[in-house]
Amino acid sequence: MTTFKQIFKYIGILLGLTVVAMILITFINRPKSLKSKPVLKELSSAERAELERTALQHLGEATTYRIVGYEDANNDSINHTTLLSFHNWLKKTYPLMAAQAKWEVINQHSLLITLQGNSKLPAALFLGHMDVVPAPDSSQWKHGPFDGKINKDTLWGRGALDDKNVVIGLMEAAERTLAKKLPLNRTLIFAFGHDEETGGKEGAAAIAKHLMSQKIPIAFIADEGFGVMKGIVPGLKNDCAIIGLSEKGFVSIKLRVEQLGGHSAWPNPENATAILSKGLNKLENYQFPAHLEPPVRGLFEQAAPYMNVGYRMLFSNLWITAPLVKMVLKGGEKTAATIRTTHVTTILKAGSKENVVPPYAEAIVNLRLFPGDRIADVLKQVETVLDDNRIKASIYSESKEATPVSASEGVGYDQIKAAIHANFEETVVVPGLVITGTDCKNYSQVTDRMYRFVPFEFSSANLSSIHGINEYMTLKQFANGVVFYMDLFQRL
């Protein structure tokens with residue numbers, strides 16, 4: 001009896017010390033200043049008004065160019081004339097950039113624009129893409145997706161958020177930097193691909209190959225990704241800017257069962273569709289392990305000081321609360337996708353006639369890979385879960401490993417973070433994981449520092465319009481993004 005009392009006593013003491021430690025860590029983990037001194041001299045009221053008047057107009061004009069990426073597109077089926085017309089429009093719209101920067105067309109359609117800096121430091125590479133997804137539901141839009149319509153202070157158009165806003169935002173910032181004769185320390189390179197929406201194999205991949213063949217040193221890459229968002233992190237009232245340090249990989253696995261077919265009047269219960277269905281049921285009820293490793297862990301740890309007390313205690317003490325945090329995050333579709341490899345069956349094939357037992361059945365399972373989960377290991381895990389050698393698993397189509405996790409400090413990250421604090425008041429900046437794809441995946445051999453962030457404030461309505469209907473950008477949103485890029489250029 002004495003022994004049990006002593007055990008409970010020690011357990012109580014340990015629990016008490018744990019709670020005290022958690023409270024101390026929570027209150028030590030106080031917020032720091034979210035301000036950074038702007039390095040760009042504030043624009044005059046006349047300059048700001050001119051920026052707001054013309055920049056959104058230029059973005060509107062850019063959205064009228066129908067550079068649409070279709071899944072079955074290749075470099076020969078892209079609208080060559082439209083792309084070259086867009087190249088010419090860029091040069092006409094930004095005459096200082098046309099005159100002072102080096103312009104190269106890569107693989108017929110993509111653009112590489114180099115603006116030489118004053119130093120011999122490795123260049124800063126900014127990515128954007130000129131293509132957009134189709135708009136088959138254009139009749140449901142408030143204004144035509146390729147009309148470039150500006151109504152009051154809002155532009156409606158395909159590409160306003162993905163990704164002509166980045167292309168035009170960078171060009172506006174560079175042109176105005178030259179017009180104001182602002183110094184550029186580091187060389188700026190703008191790489192505008194033409195097929196990001198279909199994987200970037202002809203655009204971004206060709207640009208990356210060119211940069212490596214020319215041995216052009218790149219300090220870091222900035223690409224599309226998260227923006228400045230509200231309500232994205234539980235318990236955080238401030239706006240939150242997430243800089244993506246990595247993006248998920250992808251692979252599609254084909255599952256195939258072959259069995260004797262025959263007449264449906266006397267079916268074998270172990271037919272191809274039955275075997276495959278049982279396997280898919282096992283797979284759908286299996287979830288890959290959840291992770292709270294970088295970059296996901298950094299998001300919560302760095303956001304914690306700015307949260308209310310309850311969430312601050314939870315996220316400041318991941319050394320003991322990680323299992324609880326994982327459980328909460330696994331409860332939501334989008335949050336679950338940020339902490340583990342996901343999988344879903346997207347295609348099913350079997351049979352050709354209603355009274356014939358099919359001799360084979362196939363399923364395609366699409367997986368999005370958390371950094372560190374390798375394609376070969378994931379394939380083996382799927383086979384283990386199926387536990388049926390009649391179901392043959394193989395790689396179905398082109399796949400890509402998750403990109404390496406970039407450092408959350410140092411060149412590139414530090415300057416982007418400082419520019420956010422200078423231009424977006426009281427915004428918390430944290431690292432994160434991008435669960436969709438960007439052109440960055442084609443640049444892994446160019447540099448190990450890749451940062452995915454766009455300087456635009458997003459509402460839930462904005463986000464829902466990406467790849468959807470009524471994609472839009474407001475005048476203030478876009479102008480703030482241009483000023484951010486101008487400020488960032490001066491920090492490099």
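Distances between placed amide hydrogens fall under 5 Å for Lys330 paired with no residue 5 or more residues away or on another chain. By definition, a body whose alpha carbon gyration tensor gives a ≥ b ≥ c is prolate when a/c is 1.5 or more and a/b is larger than b/c, and segment 343-463 fits this prolate description. Projecting the Cα atoms of Leu433, Val257, Ala418 onto the charge dipole of the chain, computed from C-beta unit charges around the Cα centre, puts Ala418 farthest toward the positive end. Applying a DSSP loop filter and a limit of 10 other Cβ atoms within 10 Å to the trypsin sites (Lys or Arg not before Pro) in segment 288-378 leaves Lys353. Charge dipole of segment 335-425 (Cα centre as origin; +1 on each Lys and Arg Cβ, -1 on each Asp and Glu Cβ, all else neutral): 300 debye, rounded to the nearest 20.
Sequentially through segment 237-252, phi angles give Karplus couplings (6.51, -1.76, 1.60; θ = phi - 60°) of 7, 5, 4, 10, 9, 9, 9, x, 8, 7, 9, 5, x, 8, 7, 10 Hz, Gly and Pro residues having no value and appearing as x. Kirkwood Rh over Cα pairs of segment 123-265 into Stokes-Einstein at 10 °C, 1.306 mPa s: D in µm²/s? The estimated diffusion coefficient comes to 82 µm²/s. Residues whose amide H falls under 5 Å from that of Tyr360, counting only those 5 or more places apart or on a different chain, are Gln259, Gly351, with hydrogens built in the peptide plane.
For segment 265-276, 3J(HN,Hα) computed residue by residue from phi via the Karplus equation (6.51, -1.76, 1.60; θ = phi - 60°) reads 6, 9, x, 7, x, 9, 7, 4, 5, 5, 5, 5 Hz, glycine and proline entered as x. Summing charges over neighbours of Asp153, with a neighbour being any other residue whose Cβ is under 13 Å away from its Cβ, gives +3 when K and R count +1 and D and E count -1. Among the trypsin sites (Lys or Arg not before Pro) in segment 226-290, those located in a DSSP loop and surrounded by at most 13 other Cβ atoms within 10 Å of their own Cβ are Lys237. Near the amide H of Gly262, within less than 5 Å, lie the amide hydrogens of Val357, all on another chain or at least 5 residues away, with H placed in the peptide plane.
Counted by Cβ distance under 14 Å from Ser33, the other residues give a net charge of +3, where Lys and Arg count +1 and Asp and Glu count -1. Qualifying trypsin sites (Lys or Arg not before Pro) in segment 116-165, where qualification requires a DSSP coil assignment and no more than 15 other C-beta atoms within 10 Å, comprise Lys120, Lys142, Lys152. Here the translational diffusion coefficient of the chain follows from Stokes-Einstein with Rh set to the Kirkwood radius across Cα pairs; for 20 °C and 1.002 mPa s it amounts to 86 µm²/s. Only lysine pairs 8 or more places apart or on separate chains count here, and in segment 152-207 those with Cα atoms under 29 Å apart total 5. The charge dipole of the chain, taken about its Cα centre with unit charges on the Cβ atoms of Lys, Arg (+1), Asp and Glu (-1) only, comes to about 1360 debye. The translational diffusion coefficient of segment 291-352, from Stokes-Einstein at 20 °C and 1.002 mPa s with a Kirkwood hydrodynamic radius over alpha carbon pairs, comes to 161 µm²/s. Our coupling estimate for segment 133-145, obtained by passing each phi through the Karplus curve with A = 6.51, B = -1.76, C = 1.60 and θ = phi - 60°, is 7, x, 10, x, 9, 4, 5, 8, 6, 5, 9, x, x Hz, Gly and Pro reported as x. Summing +1 for each Lys or Arg and -1 for each Asp or Glu among the other residues whose beta-carbon sits under 11 angstrom from that of Lys476 gives -2.
Bear in mind these aren't lab numbers, they're just calculated from the coordinates by the rules spelled out. All of these numbers come straight from a predicted model, not from anything done at the bench. When we count neighbours, we look across all protein chains shown, and the Cβ atoms used for this are built from the backbone with ideal geometry, even at glycine.
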